[in-house]
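Reviewing the structure listed below.
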Amino acid sequence: MNAKKSILTAAVLMGISSIASANGNPPGAPGIYKNGPATPELNMTNMRTVEKAAFALEEALMQATEAHIYVKGCEQEFSVPVSVYAHDPSKSYYIKTNGLNGVKLLATPKASVKGFGQHFDVDQPVQGYLDGNEVYKVRGRYTFNAVNNMMVNEKTQVDVKSQLGGVDTYYSTVIKDFFHGDTYDTSGNFYEIYDYGLQSLSKFGYPVNKWWQQSKAVRDNGQEACTVFQKDRLVGVSACRIVIATEGFSQPGYFSQTGTLTISPVTPSTPNTAMTSCGVNPIDFPQDNGPL
């Protein structure tokens, strides 16, 4: 019996080893860094305060969603309307899901410190529900560096209803790397911002899930602005994707977009049409205007 177990164990380990070494090497660095860090002139973004607030809020909502997924699973797709709003003159910054008693998060921008960066504190003022499950608390700090090409969130606390009806507490950590796209308006100004990064979700102080994340944000440019945040689970029970896709306004001092938060049990290689279509102007394609 022990011999059979040993043979089976060896076979499993060999299978795992062959999978792990199938590509020969670990994944390489992203192409934009193949020659090392970009030059200081290029390795920055002109991200606005309202964009930083909106991105921190979207990140916090996705982290709350990850805790929900860890409790409830990702077998069934669900989608809920979402609104993001950031307005400097009124000092109003929030994101909310528009379902019954949905989750609402508020952001508080802190004073920018020259040469260092800016903190954004995100908090949930009242209990809300996400796909029928209670979200009791979301609280974290999201910090952008001085040149707005990195955002680090060292520890966001998320309290959700557990499988046994009590309260489960999760902690989330993320690092995001922002850069401009290669598109410009007629004045030579950037109007696209991309990002990618990694994130972990922990329970009882130990990591339980790992997510790969990416985003694309396009400002007003003679068409609606759009923002797409996507996360794919790399370590966990099963494949899962979270997407926040919104459209509307992204202007100096004003960010207001609506769309959806969606969870789906798909693999990281599955195309995301919201991401690929964001920023694509319909007038760039041939139009069927009927007979002349």
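The values are calculated or read from the model by the stated rules, or taken from the named source; none is laboratory data. This is a predicted model, so every value here is computed, not measured. Quick reminder, even Gly has a Cβ in these numbers, built from the backbone with ideal geometry, and neighbours come from all protein chains shown.
Between THR143, THR183, THR169, which is of a type in the set (Val, Ile, Thr), more than 13 Å from the chain's Cα centre (by Cα) and at pLDDT below 95?
On the way: THR143 fails: at pLDDT below 95; THR169 fails: at pLDDT below 95.
That would be THR183, the only listed residue that is of a type in the set (Val, Ile, Thr), more than 13 Å from the chain's Cα centre (by Cα) and at pLDDT below 95.
Restricted to segment 62-114, and to residues there that are hydrophobic (A, V, I, L, M, F, W, C), part of a helix (DSSP H, G or I) and under 19 Å from the mean Cα position of the chain (by Cα), the residue that is surrounded by the fewest Cβ atoms within 10 Å (Cβ to Cβ) is MET62.
In segment 115-144, how many residues are within 16 Å of ALA54 (Cα to Cα) and of a type outside the set (A, V, I, L, M, F, W, C)? Give the derivation first.
First, pick out the residues of segment 115-144 that are within 16 Å of ALA54 (Cα to Cα): 118-124, 138-144.
When the remaining residues are screened for being of a type outside the set (A, V, I, L, M, F, W, C), the result is 118-119, 121, 123-124, 139-143.
Of the residues in segment 115-144, 10 are within 16 Å of ALA54 (Cα to Cα) and of a type outside the set (A, V, I, L, M, F, W, C).
When each of GLY253, GLY222, GLY205 is tested for being touching a helix residue (DSSP H, G or I) at 6+ places or on another chain (Cβ under 8 Å) and surrounded by fewer than 18 Cβ atoms within 10 Å (Cβ to Cβ), the lone residue that passes is GLY253.
Taking only segment 154-168 into account, find how many residues are touching a helix residue (DSSP H, G or I) at 6+ places or on another chain (Cβ under 9 Å) and assigned to a strand (DSSP E or B).
Let us first name the residues in segment 154-168 that are touching a helix residue (DSSP H, G or I) at 6+ places or on another chain (Cβ under 9 Å), namely 156, 158-163, 168.
Add one more test, that the residue is assigned to a strand (DSSP E or B), and what stays is 156, 158-161, 168.
Qualifying residue count for the region: 6.
Taking the listed residues GLU154, GLU58, the one that is of a type outside the set (S, T, N, Q), touching a Ser or Thr at 6+ places or on another chain (Cβ under 8 Å) and touching a residue at least 60 places away in the same chain (Cβ under 8 Å) is GLU58, with no other qualifying. Residues in segment 240-266 that are hydrophobic (A, V, I, L, M, F, W, C), touching a residue at least 60 places away in the same chain (Cβ under 8 Å) and not in a strand (DSSP E or B): CYS240 alone.
Here PRO125 meets the list (1) under 20 Å from the mean Cα position of the chain (by Cα); (2) within 20 Å of TYR170 (Cβ to Cβ); (3) surrounded by fewer than 18 Cβ atoms within 10 Å (Cβ to Cβ) almost entirely, failing just condition (1). Here VAL147 clears all of (1) β-branched (Val, Ile, Thr); (2) touching a helix residue (DSSP H, G or I) at 6+ places or on another chain (Cβ under 7 Å); (3) over 16 Å from THR65 (Cβ atoms) except the condition numbered (2).
Within this structure, MET44 passes the test of being at negative phi, modelled with pLDDT of 50 or more and surrounded by 10 or more Cβ atoms within 10 Å (Cβ to Cβ). Figure legend. Inter-residue proximity from segment 63-86: first residues under 24 Å from GLY197 (Cβ atoms) and modelled with pLDDT of 95 or more, second residues of a type in the set (Ser, Thr, Tyr) and part of a helix (DSSP H, G or I), beta-carbon distance below 9 Å, spacing 6+ or different chains. Indicated pairs: ALA86/THR49. Going through (1) modelled with pLDDT under 95; (2) part of a strand (DSSP E or B); (3) more than 20 Å from LYS155 (Cα to Cα) one by one, GLN223 falls short only on (2). Residue count for segment 132-153, restricted to those that are part of a loop (DSSP other than H, G, I, E, B) and surrounded by fewer than 17 Cβ atoms within 10 Å (Cβ to Cβ): 3.
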